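Data block below; observations after.
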Amino acid sequence: MKRLIYLFILSLFCGNLLAQESPIFIETNNTALVYKTDRQNKLMQVYFGEKLNDADEYSNLFSQNEAYMPAGMDNLYEPAIRLLHNDGNPSLSLKFEGVEVSRVDENVSVTQITLKDDVYPVEVKLFFKAFKNEDVIEAWTEIQHNEKKPVMLTHFASSMLQFDKRDYWLTQFHGDWAKEMLMQESQLTSGIKVIDSKLGTRANKFQAPMFFLSMNEPSTETKGEVVAATLAWTGNFQFNFEITPTNTLRVISGMNPYASEYHLKPNEIFKTPDFIFTYSFEGKGQASRNLHKWAQKYQVLDGEGERLTLLNNWEATYFDFNEDRLVELFDGAKKLGVDLFLLDDGWFANKYPRNNDRAGLGDWQENKEKLPHGIGYLVEQAEAKGIKFGIWIEPEMVNPKSELYENHPDWILKLPNRPEHYSRNQLVLDMANPEVQKFVYDVVDQMLTKHPEIGFIKWDCNREMTNEYSQYLGENQSHIYIDYVKGFYNVMEDLREKYPELPIMLCSGGGGRTDYGAMKYFTEFWPSDNTDAYDRIFIQWAYSYFFPANTICNHITSMGNQSLKFRTDVAMMDKMGYDIRVEEFTDEELAFSQQALKDYDRLKDVIWFGDMYRLISPYEESRAALMYVHESKEKAVFFCFDIYTYRENITNPVKFQGLDPDKKYEVKEINVQEGRRRGPFMGPNAGDSVYSGDYLMKIGYNVRGGREDLSSHVYEITEVN
Ligand code: GLA
């Protein structure tokens, strides 16, 4: 061991001199990613998996897997990087140059491995930020050169990982508008499987930028070796899974190279987005908990902070409202007991009023007819009723019927010599253009300067790019996909400098923007425009694999035919809110909802920050069950949803997880509607009672009880002495 440390420290100074001798370790509590150099001084990935007890033993490992495979030399597979030099030469040969490790704190360290071409002045730095306790690693790359003129980069992966297992099982998530995050699992076969998006303004919609990769056999929630991974990038992404003839799996992840050749100027640094991954040896549940903890502590804006409950008016009014109607709705918010009223689309534009989605987008002045006294009046009225006020914007987009379109045609992405192509009757602004970035910044800044009391923003982005052409980028049209996202981040960076704490919900026609690149600037996201509680179980279930509960906004609406209780129980799974006509509630429904909000307030710390255990998947049974356990193990909340009660009769108890076997717990049903019977009525337990954690985890709890189709139950579990 001593020898290894000595060689490692020496290598910091002598770089390639000792390159072959000293492995480079990127370690977390349970995993190790290990690199070595070969005889030609190329960097090889020799190991990625469960950490060995004795680090000396890594030196037994040998591999033929080049760590970050460049194109143009001896590579026969998909490359991690490819570029064309000034002289037109398309090859790159990367040799190990040195390694530096910096410790950020007890938990976090950054390893930087420098590779250099031995003929051309090109340097590639691989970065690995390891989060020890969370077992998460972020990987990114920086590419730089010193040639006379720009080089053309055609491939620029954030990470390349390699696995040598018998079989590989991929879980991916696909969908469309209102059908986000449908899960599919399949065995990878030889050749290449690509998951990608070419949507430009967002990553998610058809394919989500995240996956599970199970080794040898499909993993379950509690068993199996599995990597969970995602890319922190709000634009085109690509995950490339290639099985070679020797059955090695190479996973190349990063921005999508599609139509994105990048002309990199001398000495400019091309930094790729972070590829985030965790390796669990106890199934998908542990992988999710790792990501939840990491995200709340290190990535999501104010990830460990408070969140506001709210009443949104979108599904309650759509575009049809005026000042008086809104003030009436504030009463509903107040009566319910939420923290904030969120005014959605339709409040702006005068020359082309925003009374439907065909006009007004881009003209961010209050519509004088609907809001004669402006936003200020609404803020005052809300405050007078004891609630906060929040507002919807979609500042990256424009309707052709708008003053913005008339005044700034050069700010819009559209081909000069072809018909405009609309989606939701709108076009995309050119965020690569700094003037447009300033406009977008000003939309928000001016509103917040005028109305500093605004307590929340919902930031929407309702279309993807098509027929795009940037009048700003000139000859560099192939930069648009990348520079658009960078422009968006520039704006968010500046806004967050001035408004570091304001909660902002990320939305993109529902769940189009659900990625950790954007979540650095946002407190939460809107997972889907589909708020039917039945469909939501599946959508929220899938997001829970990668995102913590306090980032996933679930609103109780009138969509779907389920009981208010069922809709409330489903929304309570994560960050609960409302988008409904409260004045149409019966007294019983209002009382139920008020109580639900009080219970939620009491239990939100457990739901948001507790450890999540998915117990029964709706993909496997006609019910779904999950629980959150507070880290003290003194409190937990358990949710169970029956789906298709009449079609399948499942009565076996649900086994809990995460409790302390030696503690005694009271299990008490909450969210019970007045006059309705409580569950369960049969099985090893009936009614509220006290059990040991041991009993609840080995025998379980019977939750069958509702007689209606789609019944649901929520239980509060409390340690008793
Ligand atoms: C998108 C959002 C909705 C709503 C509408 C308003 O579809 O996802 O929640 O805000 O825009 O136009």
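Structure notes:
- Qualifying residue in the range 160-170 (condition: under 21 Å from P90 (Cα atoms) and either open to solvent by less than 60 Å² (accessible area, probe 1.4 Å) or part of a strand (DSSP E or B) (or both)): yes
- Checklist (1) open to solvent by 10 Å² or more (accessible area, probe 1.4 Å); (2) not in a loop (DSSP other than H, G, I, E, B) applied to E147, failing item: (2)
- Exclusive hit being among the aliphatic types (A, V, I, L, M) and within 16 Å of the ligand (Cβ to nearest atom), set L404, L427, L413: L427
- Of all residues in the range 86-96, those satisfying the criterion of being surrounded by 18 or more Cβ atoms within 10 Å (Cβ to Cβ) and assigned to a strand (DSSP E or B) are L94, F96.
- Single match in F206, F241, F237, F212 (criterion: open to solvent by 20 Å² or more (accessible area, probe 1.4 Å) and either of a type in the set (F, W, Y) or at pLDDT below 95 (or both)): F206
- Of everything in the range 535-565 that is more than 19 Å from the chain's Cα centre (by Cα) and either closer than 15 Å to G577 by Cβ or open to solvent by less than 10 Å² (accessible area, probe 1.4 Å) (or both), the residue that is farthest from the ligand (Cβ to nearest atom) is L564.
- Some residue of the range 607-629 being open to solvent by less than 10 Å² (accessible area, probe 1.4 Å), farther than 24 Å from G303 by Cα and among the basic types (K, R): yes
- In the range 566-589, the residues that are open to solvent by less than 30 Å² (accessible area, probe 1.4 Å) and in a helix (DSSP H, G or I): F566, T568, D569, V570, A571, M572, V582
- Sole residue being under 30 Å from I137 (Cβ atoms) and in contact with a helix residue (DSSP H, G or I) (Cβ under 9 Å, 6 or more places away or on another chain), chosen from G332, G337, G346, G305: G305
- L153 in a strand (DSSP E or B) and open to solvent by less than 40 Å² (accessible area, probe 1.4 Å): yes
- Scanning the range 446-467 for residues that are open to solvent by less than 40 Å² (accessible area, probe 1.4 Å) and in a loop (DSSP other than H, G, I, E, B) yields a total of 9.
- Looking only at residues in the range 468-480 that are in contact with an Asp or Glu (Cβ under 8 Å, 6 or more places away or on another chain) and not in a loop (DSSP other than H, G, I, E, B), the one that is farthest from M431 (Cα to Cα) is S478.
- One residue stands out in the range 485-534 among those that are polar (S, T, N, Q) and not in a helix (DSSP H, G or I): the one that is farthest from the ligand (Cβ to nearest atom), namely T523.
- Scanning the range 25-73 for residues that are in contact with a Phe, Trp or Tyr (Cβ under 8 Å, 6 or more places away or on another chain) and part of a loop (DSSP other than H, G, I, E, B) yields T28, N30, N41, K42, L52, L61, S63, A67, M69.
- For the range 358-396, the candidate set comprises residues that are among the small types (G, A, S) and within 16 Å of the ligand (Cβ to nearest atom); within that set, the residue that is surrounded by the most Cβ atoms within 10 Å (Cβ to Cβ) is G362.
- When the range 290-320 is limited to residues that are of a type outside the set (F, W, Y) and open to solvent by 30 Å² or more (accessible area, probe 1.4 Å), the one that is nearest to the ligand (Cβ to nearest atom) turns out to be E315.
- Single residue of V104, V136, V122 found to be modelled with pLDDT of 95 or more, more than 27 Å from H263 (Cα to Cα) and open to solvent by less than 40 Å² (accessible area, probe 1.4 Å): V136
- Taking the listed residues R424, R418, the one that is open to solvent by 70 Å² or more (accessible area, probe 1.4 Å) and under 20 Å from F348 (Cα atoms) is R424, with no other qualifying.
- Check on A71, buried (at least 20 other Cβ atoms within 10 Å of the Cβ), in contact with a strand residue (DSSP E or B) (Cβ under 7 Å, 6 or more places away or on another chain) and of a type outside the set (D, E): no
- Residue in the range 468-479 that is at positive phi and modelled with pLDDT of 95 or more present: yes
- Residue that is surrounded by the most Cβ atoms within 10 Å (Cβ to Cβ), among those in the range 74-85 that are assigned to a strand (DSSP E or B) and among the hydrophobic types (A, V, I, L, M, F, W, C): L83
Conditions (1) under 17 Å from K668 (Cβ atoms); (2) open to solvent by 20 Å² or more (accessible area, probe 1.4 Å); (3) modelled with pLDDT under 90, marked per residue:
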site	(1), (2), (3)
S689	yes, yes, yes
G693	yes, no, no
M697	no, yes, no
S711	no, no, yes
N721	yes, yes, yes
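- Taken over the range 477-502, the criterion of being open to solvent by 50 Å² or more (accessible area, probe 1.4 Å) and either not assigned by TED's automatic domain parsing to the domain that holds L415 or not basic (K, R) (or both) is satisfied by N490, E493, D494, E497, P500, E501.
- Test for F525: is it open to solvent by less than 10 Å² (accessible area, probe 1.4 Å), in contact with a Leu (Cβ under 6 Å, 6 or more places away or on another chain) and in the same structural domain as A596 (by TED's automatic domain parsing): yes
- When restricted to residues that are in contact with a Ser or Thr (Cβ under 8 Å, 6 or more places away or on another chain) and either among the basic types (K, R) or closer than 28 Å to S528 by Cβ (or both), the range 447-478 contains 7.
- Filter result (within 16 Å of the ligand (Cβ to nearest atom) and either assigned to a helix (DSSP H, G or I) or of a type in the set (G, A, S) (or both)) within the range 321-352: L326, L329, G346, A349
- Test for I643: is it surrounded by 16 or more Cβ atoms within 10 Å (Cβ to Cβ) and at pLDDT 95 or above: no
The values are calculated or read from the model by the stated rules, or taken from the named source; none is laboratory data. Owing to the predicted nature of the structure, the values given are computational and were not obtained by experimental measurement. Because the Cβ atoms are built from the backbone with ideal geometry, glycine has one as well, and the counts that use them run over all protein chains shown. SASA here: full protein model, heavy atoms, side chains in, ligands and nucleic acids out. Shrake-Rupley method; radii C 1.70, N 1.55, O 1.52, S 1.80 Å.
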